[in-house]
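For reference, the structure is listed below as C-alpha cells.
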Amino acid sequence: MAETIETPKREKIHKTDAEWREILTPEQFHVMRQKGTERAFTGALVNNHADGVYHCGACNVPLFTSDKKFESGSGWPSFWLPVSADAIEAHEDNTHGMRRVEVTCATCGAHLGHVFPDGPRPTGLRYCINSASLAFEEK
Ligand SMILES: [Zn+2]
C-alpha cells in the first residue's frame, strides 16, 4: 500500500467511551481517552529508530514521521514537527499545577501528549508523545 503523508480534510471521528474501549487496549484507553501518561522510558517507541510513519493509535491518521523524531532524553518519543499543521490540535492545559500545552489528534480527539518550547531547530518545539498514543508503520 502506498504511504501518503498528506492529510486531506477528514471527517472528525466521534465515538463513545464504550466504543473506544472495544477498540483500544486498557493502556491506550487510559492515555488517549483519559489523558493519562505512560511512565518515562517504558513506552514501546521511545527508542524506535526505524524509518516510517507514526499514526494515531486510535484512528490511524498519520501524525509524525521518523525523520522528525529526535532524542530528547525525556523518556517519551519526541518530535520537532508533525506531518501537517492540521493533523493535531493544541489546547492549554493547567492541570497538575503546570502551564502546559496539550496536543490531541485533530481527527479523533485522542490525547497524544504535550508540546514544549525547548525543542531543536528549526521549529524549537518538542512534541512529547506517549508511545501508547501512536501506531508505528515501518517503511
Ligand atoms: Zn486519532
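Observations
- For residue 124: the one exception among (1) surrounded by 23 or more Cβ atoms within 10 Å (Cβ to Cβ); (2) assigned to a loop (DSSP other than H, G, I, E, B): (1)
- Restricting region 46-61 to residues that are more than 16 Å from the ligand (Cβ to nearest atom) and part of a loop (DSSP other than H, G, I, E, B) leaves a set whose member that is surrounded by the fewest Cβ atoms within 10 Å (Cβ to Cβ) is 49.
- From the options 132, 90, residue that is touching a Gly at 6+ places or on another chain (Cβ under 8 Å), surrounded by 12 or more Cβ atoms within 10 Å (Cβ to Cβ) and within 25 Å of residue 12 (Cα to Cα): 132
- Test: residue in region 62-72 that is out of contact with any His (no Cβ under 6 Å at 6 or more places or on another chain), hydroxyl-bearing (Ser, Thr, Tyr), within 15 Å of residue 114 (Cα to Cα) and surrounded by fewer than 16 Cβ atoms within 10 Å (Cβ to Cβ): no
- Qualifying positions in region 14-45 - out of contact with any Cys (no Cβ under 8 Å at 6 or more places or on another chain), within 16 Å of the ligand (Cβ to nearest atom) and basic (Lys, Arg): 21, 33, 35
- Answer from 110, 85, 90 - the residue that is of a type in the set (A, V, I, L, M) and at pLDDT below 95: 85
- Residue among 96, 114, 91 that is free of Cβ contacts under 8 Å to residues at least 40 places away in the same chain and within 10 Å of the chain's Cα centre (by Cα): 114
- Filter pass, residue 84 being within 16 Å of the ligand (Cβ to nearest atom), of a type in the set (Ser, Thr, Tyr) and surrounded by 14 or more Cβ atoms within 10 Å (Cβ to Cβ): yes
The values are calculated or read from the model by the stated rules, or taken from the named source; none is laboratory data. Since the structure is predicted, the reported quantities are computational estimates derived from the model, not experimental observations. As a convention, Cβ positions derive from the backbone with ideal geometry for all residues, glycine included, and neighbour counts pool all protein chains shown.
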